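Read through the structure below, which is laid out as structure tokens, and then see the notes.
Bear in mind that the values in this text are calculations on the coordinates, not laboratory data. Here the structure is a predicted model, which means the values were calculated and not measured. Using ideal geometry, Cβ is built from the backbone for each residue, glycine included, and neighbour counts are taken over all protein chains shown.
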Amino acid sequence: MPRRQMATLLLAAATLCACSGDSPTRETNGATGDQVWFEDVTAESGLGFEHVAYDEQRFRMPECVGAGIALIDFDGDGDLDVYCLQSGDPAATGGTTSTNRLFRNDGSGRFEDVTEGSGAGDQGNGRGAAVGDYDQDGDLDLYVTNLGPNALLQNNGDGTFSDVTIDAGVGHPGWGASAAFFDADQDGDLDLFIANYVDWALGAELPCTGAGGGLDYCNPTNFDAPAQDVLFMNEGDGTFSDRSEAAGLSSAFGNGFGVVVDDFDGDGWQDVYVANDGTANQLWINGQDGTFKDRSLLSGCAVNMNGAVEAGMGVAVLDLENDGDPDLLMTHLRSESNTLYVNRRGVFRDRTLNAGLHAASLQFTGFGLGIADFDQDGNLDLYVGNGRVQRWTMTFDPEKPYAEPNQLFRGLGGAKFEEVKPQGGVREAYIGSTRGLALGDLDGDGDIDIVLSENGDRARVLRNVGADGKWVGFRVVTPEGPPLQDVVGARIRVDFGDEVRWRTITGAYGFCSANQIHAHVGLGDAAAIDGVTVHWPDGGEPEAFGPFTAGATHVLVRGQGDGQVPGAQK
């Protein structure tokens, strides 16, 4: 972006934030004391995957970025399997040393490597993955983003995958980061959005110096090569069409890392938000005619409350105020803090200071981001995977100059949090370089566990041991089947007593990762819920279901509810 254009953007954004933002308040960043929320069960889980960042460290940009991780029930047995992205040397063109791995879950949270013969072992330089049933046959497919051509792996329904990238027309050759399946045009099938990072080439690498001297990784803005994101529209016959230019995505470029999809302006159509690293974020509002317009600046979520761009890494959509308006949370580089934008009917306000997230995150570089009610008390909690991209004078581990502890923030209700100690909610804080992380119920006990993707290290499994409250789960599906198809993008309102909770049916959030698609709601002491209202992503009339008991995942089939909800409002 030209400097004059950037200056204009920042000035306008600062003015907007000053007018529409909440006044900063002094935050009281208290910490819960010595409560263990998770147990590291990596060794006994059988998830024996180790990420390779490089063959020899040469401080090339892709080395420090790492990769995400995906949860997918690929065999349709009802439990979550794990798909691990392998990177390898960025100077190589792929091969057996950069093979992604597929691990089957036996239902108890123990995993077996079933890559051989599965067709899932893509050998690109892996970066991220999206999960969705793009061909509407009832089983979940995988889209893999790479440093280089991406790959579409079609689920054959028998435990194997077929690489259909060429036939489908989705092998974009850039540096793909996060991706999301969603229904952009309300025709019932899943389209595909890909955030591209930078227009990188080996010959474009620059020598950069880190703290204390010596070579280190460069800032992405040094390359001055932001990339255009990609929109592939599903044609319904197994192929996709690249509609990026026609949709208007060429109107704004950025260093795209994180992607989330939701109806941010409440018009009944799916919009896209992209977290950019060192460039202004983008809020692509669906024009309902095949086009998208970037409304991030006017909506207040392009830059922070000071009008400054930040190093957006992971991003998640959540509804902290339970008002039906999806809010945004994203992770950033050290000294920037993680940022929370609260949505009020399509206008966002930076509420980071008020939320208690600012001071606690300033000294860390956040990548992976998980949003769930881990303790099931009724309030959403936050898990942040940290790890540096440049050396600093102070280290947490002298043997690992880029390693940092992860963080867990307990939700206090509304848009307020406090950091849990020990850090990360584990008995002994783990010091590593977490990149992607994925959330889901790995062991079938109802609460939400975590899988961590470590840059240049072994993936880790954290089992939830701190969930005290009751819970209820929901899968929202179409009436066709079996097998049933998840309605990605559906928004559900859960009512119990005087309480209301909102969830979006999506697995695409965080950093280059895919999470459990089903909705999970913590209920505290409530043993049942009064009802659920489903708002359909194609704009159809909302539908009511329930009541339901706690302690189970209930399947909500479209057209089989207890009645329509005429004129229902968010």
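Helix-derived [θ] at 222 nm for the chain: sum -39500 (n - 2.57) over DSSP H runs of at least 4, divide by residue count, nearest 500?
-2000 deg cm²/dmol
Give the calculated FRET efficiency between Glu245 and Arg458 to the nearest 0.05, with a Förster radius of 60 Å applied to their Cβ-Cβ distance.
Between Glu245 and Arg458 the formula returns 0.90.
Residue-wise, which Karplus ³J(HN,Hα) couplings in Hz belong to the range 56-72, taking 6.51 cos²θ - 1.76 cosθ + 1.60, θ = phi - 60°, and x for glycine or proline?
3J(HN,Hα) across the range 56-72, in whole Hz: 9, 5, 10, 6, 7, 3, x, 4, 8, 7, x, 8, x, 7, 9, 9, 8.
Find out how many positive minus negative residues lie around Thr365, taking Lys and Arg as positive, Asp and Glu as negative, among other residues whose Cβ is under 10 Å from that of Thr365.
0
Okay, which of the range 412-430 sit inside 14 Å, backbone N to the point 7 Å along the Cα-Cβ direction of Asp34?
421-423, 427-428
Please say if the chain is rounded, prolate or oblate, where rounded means a/c under 1.5 for a ≥ b ≥ c the square roots of the C-alpha gyration tensor eigenvalues, and otherwise the choice is prolate for a/b larger than b/c and oblate otherwise?
It comes out rounded by the Cα gyration axes.
Can you say what percent of the DSSP beta bridges in the chain, counting only those with both residues inside, are antiparallel? Round to 5.
Bridges in the chain that DSSP calls antiparallel: roughly 95 percent.
Sort the range 145-302 into rounded, prolate or oblate with this rule: let a ≥ b ≥ c be the square roots of the eigenvalues of the Cα gyration tensor; rounded if a/c is under 1.5, and if a/c is not under 1.5, prolate when a/b is larger than b/c, oblate otherwise.
Since a/c reaches 1.5 but b/c is at least a/b, the shape of the range 145-302 is classed as oblate.
Run the simple label-point estimate for Asp113 and Ala91 please: 7 Å along Cα→C-beta, distance reported in nm.
The two pseudo-label positions are separated by 2.6 nm.
What is the spin-label model distance, in nm, from Asn156 to Ala552 if the labels are put 7 Å beyond Cα along the C-beta direction?
Result for the modelled spin labels: 3.6 nm.
So between Arg344 and Gln57, what do we pick up on full extension, going 0.36 nm a residue minus the alpha carbon distance?
Full extension of this stretch gives 98.7 nm more.
Along the charge dipole of the chain, which of Gly378, His535, Gly411 sits closest to the positive end, that is, farthest toward it, with unit charges on the beta carbon of Lys, Arg, Asp and Glu (+1, +1, -1, -1)?
The residue sitting most towards the positive pole is Gly411.
Between Arg391 and Lys421, with labels modelled 7 Å along Cα→Cβ, what's the label distance in nm to one decimal, could you check?
Going by the 7 Å Cα→Cβ label model, 3.0 nm.
For Trp536, what is the net charge nearby, where nearby means another residue's Cβ is under 11 Å from its Cβ and Lys, Arg count +1, Asp, Glu -1?
With Lys, Arg at +1 and Asp, Glu at -1, the neighbours total -3.
What does the C-alpha gyration tensor say about the overall shape of the range 323-370? Classify as rounded when a/c is under 1.5, otherwise prolate if a/b is larger than b/c, or oblate.
Judged from the Cα gyration tensor, the range 323-370 comes out prolate (a/c at least 1.5, a/b above b/c).
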